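Before any comments, here is the structure.
The values are calculated or read from the model by the stated rules, or taken from the named source; none is laboratory data. Note that the structure is a prediction, hence the values are computed from the model and not measured. So basically every Cβ, Gly included, is an ideal-geometry build from the backbone, and we count neighbours across all protein chains shown.
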Amino acid sequence: MSVALAAAPAPFLEEIACYGCGGRRGRPFIQAQDDLTGKPGTFQFVTCDACGLTYQNPRVSLEHIKDFYDEEYIAHRKTNWGILNQAFDRAMNQLDAAKDGLVSRYVSLDRTSEAVYVARGVDSPYFGVLYDIYHSAVEGEDIEAELTNAGSIIKYVQLADAPGRGEPGTGDLDWPATLAVLRGSGYDGPIGLEYYPQAASEESVRYIRDVAAQA
Ligand SMILES: [Zn+2]
């Protein structure tokens, strides 16, 4: 006898092992809400008993994470609430000003080499540099020189073309050359595609995968 099994729906939250050591025991660190999406829900962060890493657990499962990046996500939000727009914009500007007030109490680092310098000083496996090819290009940096200097301190890379911050191919960057430089630097981690799409996402993802495969 054969029985057709429907796939069980993925849980919204899933318990995970520590990213650092695989440990399963942790103590509560903080419970917090997500102010970027305004989605209801309280999320818990724990600190691993074995290695001290603090991370979200349980986390939102991969199947459900996209629910948080809809049009209500603050970076995607289009205000089209008629007469309420003004009030919304005023509130958001106040929030931005308050955040700027906090951030301006600290030193702002706008060169890759400065971030690399700090990360080397911290010298922790949990602290690295997010290298954003778009920002680096806009700042006029020499990408090859920055990647060579940074070495393995870079833990994550994001990209968009410049100018315009669209998908690769919409600006002036030479993507085969840039991704060859990235690969040559030894980086083999994930690349985040962080751009304002001007074509179907499937197309731009296919393009960047092809270029990356040949780099
Ligand atoms: Zn751990």
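Brief remarks follow.
- Pair list, Cβ < 6 Å and 6+ apart or interchain, from region 22-33 residues that are in the same structural domain as Q56 (by TED's automatic domain parsing) to residues that are away from the ligand (no atom under 13 Å from the Cβ) and part of a loop (DSSP other than H, G, I, E, B): Q31/T42; Q33/T42
- Some residue of region 54-74 being at pLDDT below 85, within 12 Å of the ligand (Cβ to nearest atom) and either out of contact with any strand residue (DSSP E or B) (no Cβ under 6 Å at 6 or more places or on another chain) or not in a loop (DSSP other than H, G, I, E, B) (or both): no
- Residue ID - surrounded by the most Cβ atoms within 10 Å (Cβ to Cβ), chosen from residues in region 6-29 that are modelled with pLDDT under 85 and over 22 Å from Y126 (Cα atoms): P11
For (1) free of Cβ contacts under 8 Å to residues at least 40 places away in the same chain; (2) among the aliphatic types (A, V, I, L, M); (3) not assigned by TED's automatic domain parsing to the domain that holds E194, each residue gets a yes or a no:
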{"site": "M92", "(1), (2), (3)": "yes, yes, yes"}
{"site": "K99", "(1), (2), (3)": "yes, no, yes"}
{"site": "A119", "(1), (2), (3)": "yes, yes, no"}
{"site": "A145", "(1), (2), (3)": "yes, yes, no"}
{"site": "V157", "(1), (2), (3)": "yes, yes, no"}
{"site": "G166", "(1), (2), (3)": "yes, no, no"}
{"site": "G169", "(1), (2), (3)": "yes, no, no"}
{"site": "W175", "(1), (2), (3)": "yes, no, no"}
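- Just one residue in the set E141, E114 is more than 16 Å from the ligand (Cβ to nearest atom), within 23 Å of L182 (Cβ to Cβ) and part of a loop (DSSP other than H, G, I, E, B); that residue is E141.
- Some residue of region 30-41 being exposed (fewer than 13 other Cβ atoms within 10 Å of the Cβ), under 23 Å from S124 (Cα atoms) and either at pLDDT 85 or above or within 15 Å of the ligand (Cβ to nearest atom) (or both): yes
- Residues of region 129-143 that turn out to be touching a residue at least 60 places away in the same chain (Cβ under 8 Å) and farther than 10 Å from V157 by Cβ, as a count: 1
- Residues in region 117-128 that are of a type outside the set (F, W, Y), over 18 Å from the mean Cα position of the chain (by Cα) and either closer than 17 Å to V157 by Cβ or not in a loop (DSSP other than H, G, I, E, B) (or both): V118, R120, G121, V122.
- Candidate set from region 195-204 (those that are modelled with pLDDT under 85 and in a helix (DSSP H, G or I)); member that is nearest to D132 (Cα to Cα): S201
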